[in-house]
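The values are calculated or read from the model by the stated rules, or taken from the named source; none is laboratory data. Everything quoted here is computed from the prediction, not taken from an experiment. For neighbour counting, all protein chains shown are included, and Cβ atoms are generated from backbone atoms with ideal geometry for every residue, glycine included. Just the protein is used for accessible areas: all its heavy atoms, side chains included, with ligands, DNA and RNA removed. Shrake-Rupley method; radii C 1.70, N 1.55, O 1.52, S 1.80 Å.
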Amino acid sequence: MTEYRGGAFMFEPAGMRKIFIPEYFTEEQRMMAKTAEDFMLKDVVPLGEEIDEMKEGLLPGLIKKAAELGLCMIDIPEKYDGLEQDKATSMLVAEKLALNGTFSCALGAHTGIGTLPIVFFGNEEQKKKFLPLLGAAEKISAYALTEPTAGSDAMSIKTKAVLSGDGRHYVLNGTKQFITNAGFADMFIVYAKVDGEKFTGFIVDRNSEGLSVGPEEKKMGIKGSSTTQVIFENVKVPVENVLYDIGKGHKIAFNILNIGRFKLGIGAIGGAKNVLIQAVKYGNQREQFNTPLTRFGAIGEKIAKVACRIYAGESMSYRVAGLMDEAIARIDKTTDDAQQRVIEAIEEYAVEDSIIKVYGSECLDFAADEAVQIHGGYGFTAEYPAEKAYRDSRINRIFEGTNEINRMLIPGTILKRGMKGSLPVMDYSARVMKELATGEIEAGDGGPLAGAVRACNLAKKAAMYASGAAIQKYMANIQKEQELLMMMADMMMASFAMDSVLCRVLQLMEERGAEKCAVQADVAGCVVADCADQIAVLGRRLLNAAEEGDRLAKHLEAFNRGVPHFDFNVVAAFRRIAGKIVEDEKFSL
């Protein structure tokens, strides 16, 4: 089988790839995950109220405790006193650290966007100087990109850096906004424009003269996290603290955001698991009409819907972790360009990273909302954890690039790669449009889950047909049609979810036998049914927005040939899925 290229899921038959799945975790990976989970349950979760009250020194103290267990050095190379674990392990730990949203936010800001810029873009001296300190949490880091007038449009930052007359320092002036950990961080990864033009990264010490922080923001959720402005007034930064190259800060920012996105996505999935199980435990104990809440079909359906989304998010996330690990493993680490090739390997999966971020954050929102509903009136009170989960979850759709920005990146990146020839966008789209126009459609038959596989293949073709029609209509101007791009993104996201779940379940069936995978087959059927329906609705909306009259009628006729008629009893499957989770009181799919 050919090497997987980022975004290729839209152009390949459903379920054909062998992917990394959670069932493949090694004993070492599971032990690392248990270390993280035990730490959260013992040292962090019991202090939830004190964390939210911002008890002085508590949060940085907990980060230091996490460092003592090795949880701050997972992504740091061994050469610099790190553990140098693979991406699958890093994601698994991030998932387990999601038991408290505030703490996982603070720790993630330190170990991820606060440390990885130096891991991937620092020079040898910077790595030797800073990475051991960051891995031990002797220094806690923060990431300063956003400004009062520059959020999603990161390249429009106003913070300016000017080389001093003696050539020994850059002098920074400007203000950063919403900086996580700023209240107690020892150092900052800061972005500024050299001479007001060249977008550049800097490593800045907190004790630098002229650096100050504003008051703590009063937030809707993750109340205990430190979030302030960082103000630079003639702050002198040594030239040796320039990160990477002058004018290439965008490469740091965007690549680090890619990594941040997939780790945020799996963290959100971990949070959704926790929220779901808390709701199930409550529902098992709470009775109405002499019956536990979880025994009612309406509640069971909620549990099953959340569980299916979690399973899909988990399947997508670890699939991408596996792809990154495979790509990095192929790189000869002894070559001079090894680090650059690692960066390129990570960048390859930018489309999938954006999908995971959007899907995971919206899965957590959905789970938190349903948890409140299952709790009823109690879910609206601070006495029960559902209320806090509901508030804390909301920020994830804004972090690491808003979900709207990420949605536009998904089709935009695939189209750019199609233009460069690295993805068969135009050829595949033309072939699909011909298939659907003539009715001679290849969709696959036979084998396990044949109906779901066929439905997934048809739905992906329908998505590409509708997207291709919009692209033909608008050509280069499609980038200005944001509503259409977001519909395209949602169809691509649904396609990746279906495909990843099918890959996972088909692998399990092959290895364990179909009888032992009955509940997983139920999940696959539910995910495919839901995603195929989404594509049917979105595709028609997209075509109606792009065309009219006879051309619209012709396109709709062809599109409808690709919409799968997937006969699957979702209600019965939901009952079986919910029944297992309710009985086990854990995410046991």
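What the table below lists for this structure:
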quantity	calculated
Filter result for residue 94 (open to solvent by less than 40 Å² (accessible area, probe 1.4 Å), among the small types (Gly, Ala, Ser), assigned to a helix (DSSP H, G or I) and closer than 17 Å to residue 32 by Cα)	yes
The one condition in (1) farther than 19 Å from residue 257 by Cα; (2) open to solvent by 20 Å² or more (accessible area, probe 1.4 Å); (3) of a type outside the set (Ser, Thr, Tyr); (4) at pLDDT 95 or above that residue 394 fails to fulfil	(1)
Evaluation of residue 39 against (1) in contact (Cβ under 8 Å) with a residue 12 or more places away in the chain; (2) open to solvent by 10 Å² or more (accessible area, probe 1.4 Å) (one fails), failing number	(2)
Segment 195-217 residues that are part of a loop (DSSP other than H, G, I, E, B), paired with ones that are open to solvent by 40 Å² or more (accessible area, probe 1.4 Å) (beta carbon under 6 Å, 6 or more apart)	196/160; 206/186; 210/233; 210/234; 214/229
Count - residues of segment 127-176 that are part of a helix (DSSP H, G or I) and either open to solvent by 70 Å² or more (accessible area, probe 1.4 Å) or touching a Leu at 6+ places or on another chain (Cβ under 7 Å) (or both)	4
Close pairs (7 angstrom Cβ cut-off, 6 or more residues apart or separate chains): within 15 Å of residue 205 (Cα to Cα) in segment 117-143, open to solvent by 40 Å² or more (accessible area, probe 1.4 Å) and not in a loop (DSSP other than H, G, I, E, B) anywhere	137/64; 139/133
Long-range neighbours under 6 Å by Cβ, at least six apart or interchain, first residue open to solvent by 90 Å² or more (accessible area, probe 1.4 Å) within segment 465-493, second not acidic (Asp, Glu)	473/546
Leading residue by the ranking (least open to solvent (accessible area, probe 1.4 Å)) among those in segment 379-389 that are of a type outside the set (D, E, K, R) and without any contact (Cβ under 8 Å) to a residue 40 or more places away in the chain	379
Residue under evaluation residue 177, criteria (1) out of contact with any helix residue (DSSP H, G or I) (no Cβ under 6 Å at 6 or more places or on another chain); (2) modelled with pLDDT under 95, criterion not met	(2)
Single unsatisfied condition, residue 226 versus (1) of a type in the set (Ser, Thr, Tyr); (2) open to solvent by 10 Å² or more (accessible area, probe 1.4 Å); (3) within 30 Å of residue 82 (Cα to Cα)	(2)
Segment 1-36, residues that are hydrophobic (A, V, I, L, M, F, W, C), under 30 Å from residue 428 (Cβ atoms) and touching a residue at least 24 places away in the same chain (Cβ under 8 Å)	8, 9, 10, 11, 14, 16, 19, 20, 21
Subset of segment 235-287 [open to solvent by less than 20 Å² (accessible area, probe 1.4 Å) and polar (S, T, N, Q)]	241, 255, 258
Segment 511-523, subset touching a residue at least 12 places away in the same chain (Cβ under 8 Å) and out of contact with any Lys or Arg (no Cβ under 8 Å at 6 or more places or on another chain), residue nearest to residue 363 (Cα to Cα)	523
